1. With θ set to phi - 60°, apply the Karplus curve 6.51 cos²θ - 1.76 cosθ + 1.60 along segment 18-35 and write out the HN-Hα couplings as whole Hz, x wherever there is a Gly or Pro.
2. Going by amide H atoms built from the backbone, whose H comes under 5 Å of the H on R233, apart from near neighbours?
3. Of the listed peptides 104-112, 153-161, 79-87, 22-30, what is their order by residue-averaged count of other C-beta atoms within 10 Å, with the highest listed first?
4. Show me, for segment 232-239, the HN-Hα J-couplings you get by feeding each phi into the Karplus relation (A = 6.51, B = -1.76, C = 1.60, θ = phi - 60°), rounded to Hz, glycine and proline as x.
5. What does the convex hull of the Cα atoms of segment 190-281 come to per residue, in Å³, rounded to a whole number?
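Bear in mind that the values in this text are calculations on the coordinates, not laboratory data. What you are looking at is a predicted structure, and each value in this text was computed from that prediction instead of being measured. Don't worry about glycine lacking a Cβ; one is built from the backbone with ideal geometry, like all the others, and counts go over all protein chains shown.
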Amino acid sequence: MEFEKAIKGFIISITADGFSPDTIATYRWALSKLCDHLGNPEVNKISESMIKETFVWLRTDYVPRRKNLETGPLTGRSLENIWTAMRSFFNWAELEFEIKRPDKTIARPRYAKREVEPFTHDEIRRLLSACEKTVTREGKRPSFTMKRHTSLRDACLVMFLLDTGLRVSECARLNVGDIDLETGAVTVKPFRTGQKTKGRVVYFGKTTKKTLWKYAIDRYDNEPLFKTVDDKRMDRNSIRCMLNDLGKNANVPGCHPHRFRHTFAIEYLRAGGDVFTLQRLLGHSSLEMVQNYLALVPGDIARAYRSPSDIALSK
């Protein structure tokens, strides 16, 4: 069977197995890169050397077409996603077509993971200020500043992500009825298998509560919490693009959704929060994931540390 047709069968299979739409979209994208470069061969004709050559191409010659128009090389995480999708596909194909897997000796791509870097307080202020106005450039005309027509929504989104630490996909799935403006509670419902998005309650602060009240007061409970300009639900890509644009206007590099989650986690720990509660708020299955957020600067650790002997003798 041709690779392209087999990919369609694989997507049907993992959809039936309850994989999340985000995972399915990532696998479809990743496998399409392999298929395009290999020229859609028969699945049983794909060899180990063909796969290795494809990964060399992905690292050196492939030019991504991103929505933000950036054309830099694929990140290590993207290469790992392609590797993961490939492994999952050939595991399925081995059972489905009784073929010999060509991917077993292909090592997981190695890369240095980015250090957890929260937003500074100054960067947060600049982002919120940029929600009010935007810099517009049209052709050869000089740039000019104008009021951002989505200013209320954008400010809500920035503060909401900072306060709750939600994943961008979890945020995108929320409806108005999932937030309680009196208590500041957000009900996050389990999604699909519940392995990634676990049911839990998170919270937002007083300032966010006031802004959310202005933004959502006249809407029904079953409406999406965050909407596009054409009144549709914002998905993770539209939120990512909005934040990327906001970061450029505010001169804050690296303004991506997950950085808000990093900031929430580290600020929570800096304020004296414990890792067990943080694990529940973030919706992680184990403490191992929470360790990533303990990458605080030495000064933070020193300020947060109180020796057991000092505590005992002070009583």
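1. Coupling constants for segment 18-35: x, 4, 6, x, 5, 5, 4, 4, 5, 5, 4, 4, 4, 5, 5, 5, 5, 5 Hz.
2. Hits under the 5 Å cutoff: T228.
3. On the way: 104-112: 11.1, 153-161: 23.3, 79-87: 19.0, 22-30: 17.1.
Descending mean neighbour count gives 153-161, 79-87, 22-30, 104-112.
4. In residue order, the calculated couplings are 10, 5, 6, 9, 5, 6, 5, 5 Hz.
5. 153
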